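Take a look at the structure set out below.
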Amino acid sequence: MRAIWTIAKMSLVENSRKQVFHVLCLLMLAVIAGSTLLSIFTEGVKLKILKDLCMTCILFAGAMLAIALGATGVPNDVETRTLYPIIARPIARWQYVVGKFLGTCLTVAMGLGALSAVFGALIYYYQARFDWFLPTAALFALLEATVIAAVATALSTIATPAVAAALSFMIYLCGTIKVGYFGGMLDRASSGLVRTVGTTVYHLLPNLECFNLKAALVHDDAIPLSYLVLVAFYGVCYAAFALGLGAVVFKGREV
Amino acid sequence: MTPAIKTNELTKIYRLPGRRTKTAVNSLSIEVPQGVIFGFLGPNGAGKTTTIKIILDFMRPTSGSATVFGLPTTDPATRRLIGYLPEQPYFHKFLKPMELLSMHAALAGLPRRRAKEAAASALDRAGMTEYADTPIGKLSKGLTQRIAIAQALVGEPKLLILDEPTSGLDPIGRRHTRDLLVELRNEGRTIFLSSHLLSEVENLCDVVAVLKGGKLVALGTPDEVRSSSTYVKISTAPIDDDTRDRLQFLGVGIERLSDSTIVRIDPKNLYAVLRAMEELGLPVIKIETERESLEEAFLRLAA
Amino acid sequence: MRRTVSAVSTGFLLALARAAWAHGDPHELGHHWSIGEYRSEMWFQISAMAFAVVAYVLVLFGVRAWKRHGIQRR
């Protein structure tokens, strides 16, 4: 465990110095701050649009950070050969992969924490009370990013950073419209082969839409606790599975 | 005593595009005794780095096996006994040496309190205490190399695998490193050294192995690897091409310098060559006997 | 720097546009917690992953046992 935590800390320090982290966080902060200039709407609608926009920022920032950092961590270490002194230590390959993944998640959590804090402050300013559902929504946005980070890290153990990032982005896009759109498209597919391949891909893709609690936050809807527990459990299982696959692949990889 | 490193018919074959293969290591069987400085030599592409990578479990052999102190190299716990210095080490530039070494101490399995002490001790041994809090990005190549040596020492490993340890070091740094390696050897540690600086290897190593094309071509002390025979070296005046051709007909080695000529001969041909030189009107400036250096042995064996 | 900013901005605008398509339908409103398909798909994937892990572990133990048996016979 100590080895994993050591690598995670190193990864966190390294990631927090990357340009993409600062650019994303600053851009999203700018959008969140800029969303306060929606004075053309009445107060009630303004608050809804503010929540929608800010939550979109948080979800987007989490996903993009997870992809950008997760897809480049391992390949960068291999390319610069910083990997060699690390894996020459008495640590297993899977500990290294998990450590890198954890570092990515910590960096994403740091970024989302900052954005959520600003978001929360804005809501308090406009509603004169704190929205207690916001931490839950932000937490599930982080969980979504965790799943994407696990996929990106797993892909990075076999692919170059560009390929891993591109594939992760495609999986992210498809995962956010999986049940709503792909499901319907598959039902309408005529060819048996298309349906078989499509169904296989459909069941492999992560169900990212279920982590998006934006609608509940905006419209003050209640979500059953059992659903939230199921989504959290699903997120942990999928992330662990993707990471496990990456660890198995990296174990056999020659460096 | 269990050898520090033992390889048994170690073979590594790479698959290349187009169904071609390349044999990087070919049935290599060596035993590195404990408590020695072992020189691992060979020209570029001889299989040295591949062998080191197999010992460190960066890759698996196609066949054969390797052990470290009798333990399988495939077990991560075995690497608790190893400190590794890669060729051209690279570390994150924003890290400070103390932070880097503390991280490696933690990875080596040392408890938190001991990790900081171990890091400080390793820095001290590498002569880098004054740079403990300077970001690595601000250090020169030579100083970074010394940090890398300190990194290999963290955790008090029984076996040190060093790939070009004096690369980038100035003469003071090289001297410091040589003295450190001798000190470590005297403490009972084993040093497995891969280097192209044969003059250093000759003075430092207790045992050397020479690789060529993935195969072991020589193994023994530097004295044993060098040819036991001596040769005679005659210094004379500069010669023209015609004289050179006539001398070479006698089977001698000729080295033409700007202001002299060196003729190398087998001692049993000395009088015949001296007679020929007298007939050619060549003066004899100096005659001395010499033994083959390790570099000459290396060129003979591996070139 | 410019490429990073352009990529981030484009992606963000796409994400925003996606949100703007929602109207009326629970699918498009994002009320996935009231749609049974989401739950059933999650349970299906969790079961499939558990099955894959158990199968992998069994195969791993089986291969190791077979190798050990092969060595003993020799």
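Looking across the range A:170-187, the residues that are among the aliphatic types (A, V, I, L, M) and more than 16 Å from the chain's Cα centre (by Cα) come down to A:V179, A:M185, A:L186. For the criterion of being within 14 Å of chain A (Cβ to nearest Cβ), part of a helix (DSSP H, G or I) and more than 18 Å from the chain's Cα centre (by Cα), B:R60 fails. Determine if the range A:184-195 includes at least one residue that is crowded, with 17+ Cβ neighbours inside 10 Å, facing chain C (nearest Cβ under 9 Å) and of a type outside the set (D, E, K, R). No, the range A:184-195 contains no residue that is crowded, with 17+ Cβ neighbours inside 10 Å, facing chain C (nearest Cβ under 9 Å) and of a type outside the set (D, E, K, R).
Within the range A:6-22, which residues are of a type in the set (A, V, I, L, M, F, W, C), closer than 13 Å to A:A68 by Cα and crowded, with 22+ Cβ neighbours inside 10 Å? The answer is none; no residue qualifies.
To keep it simple, each residue is scored yes or no on (1) part of a helix (DSSP H, G or I); (2) within 9 Å of chain C (Cβ to nearest Cβ).
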position: A:L217; (1), (2): yes, no
position: A:I223; (1), (2): no, yes
position: A:V236; (1), (2): yes, no
position: A:G244; (1), (2): yes, yes
position: A:V248; (1), (2): yes, yes
position: A:R253; (1), (2): no, no
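Just one of the listed residues (A:L83, A:L102, A:L112) is of a type outside the set (F, W, Y), under 16 Å from the mean Cα position of the chain (by Cα) and farther than 20 Å from A:T176 by Cβ, and it is A:L102. Report, by residue number, each residue of the range B:132-162 that is in a helix (DSSP H, G or I), within 26 Å of the chain's Cα centre (by Cα) and loosely packed, with under 15 Cβ neighbours inside 10 Å. Answer for the range B:132-162, where residues must be in a helix (DSSP H, G or I), within 26 Å of the chain's Cα centre (by Cα) and loosely packed, with under 15 Cβ neighbours inside 10 Å: just B:K141. Scanning the range B:1-20 for residues that are assigned to a strand (DSSP E or B), over 18 Å from B:T49 (Cβ atoms) and not charged (D, E, K, R) yields one hit, B:N8. Out of all the residues in the range A:117-135, is one or more buried (at least 22 other Cβ atoms within 10 Å of the Cβ) and more than 11 Å from the chain's Cα centre (by Cα)? Scanning the range A:117-135 turns up at least one residue that is buried (at least 22 other Cβ atoms within 10 Å of the Cβ) and more than 11 Å from the chain's Cα centre (by Cα). When we screen A:A68, A:A159, A:A150, A:A154 for residues that are within 19 Å of A:C57 (Cβ to Cβ) and more than 14 Å from chain B (Cβ to nearest Cβ), the only hit is A:A68. On inspection, B:T129 does not qualify as of a type in the set (V, I, T), more than 9 Å from chain A (Cβ to nearest Cβ), buried (at least 17 other Cβ atoms within 10 Å of the Cβ) and more than 24 Å from A:R2 (Cα to Cα). Being touching a residue at least 40 places away in the same chain (Cβ under 8 Å), closer than 13 Å to B:R79 by Cα and touching a Phe, Trp or Tyr at 6+ places or on another chain (Cβ under 9 Å) is the filter here; which residues of the range B:47-63 pass it? Within the range B:47-63, B:I52, B:I55, B:L56 qualify.
This table checks each residue for (1) out of contact with any strand residue (DSSP E or B) (no Cβ under 6 Å at 6 or more places or on another chain); (2) over 16 Å from B:R146 (Cβ atoms); (3) in contact (Cβ under 8 Å) with a residue 60 or more places away in the chain; (4) not in a loop (DSSP other than H, G, I, E, B).
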site: B:G168; (1), (2), (3), (4): yes, no, no, no
site: B:I172; (1), (2), (3), (4): yes, no, no, yes
site: B:R175; (1), (2), (3), (4): yes, no, no, yes
site: B:R178; (1), (2), (3), (4): yes, no, no, yes
site: B:L181; (1), (2), (3), (4): no, no, yes, yes
site: B:R185; (1), (2), (3), (4): no, yes, yes, yes
site: B:V201; (1), (2), (3), (4): no, yes, yes, yes
site: B:A209; (1), (2), (3), (4): no, yes, yes, yes
site: B:A218; (1), (2), (3), (4): no, yes, yes, yes
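Which count do you get for residues in the range B:186-198 that are surrounded by fewer than 19 Cβ atoms within 10 Å (Cβ to Cβ) and among the charged types (D, E, K, R)? Qualifying residue count, the range B:186-198: 1.
Quick note: the coordinates plus some simple rules give every number you see, no bench work behind them. This structure is a prediction, so every number in the text was calculated from the model and none was measured. Quick reminder, even Gly has a Cβ in these numbers, built from the backbone with ideal geometry, and neighbours come from all protein chains shown.
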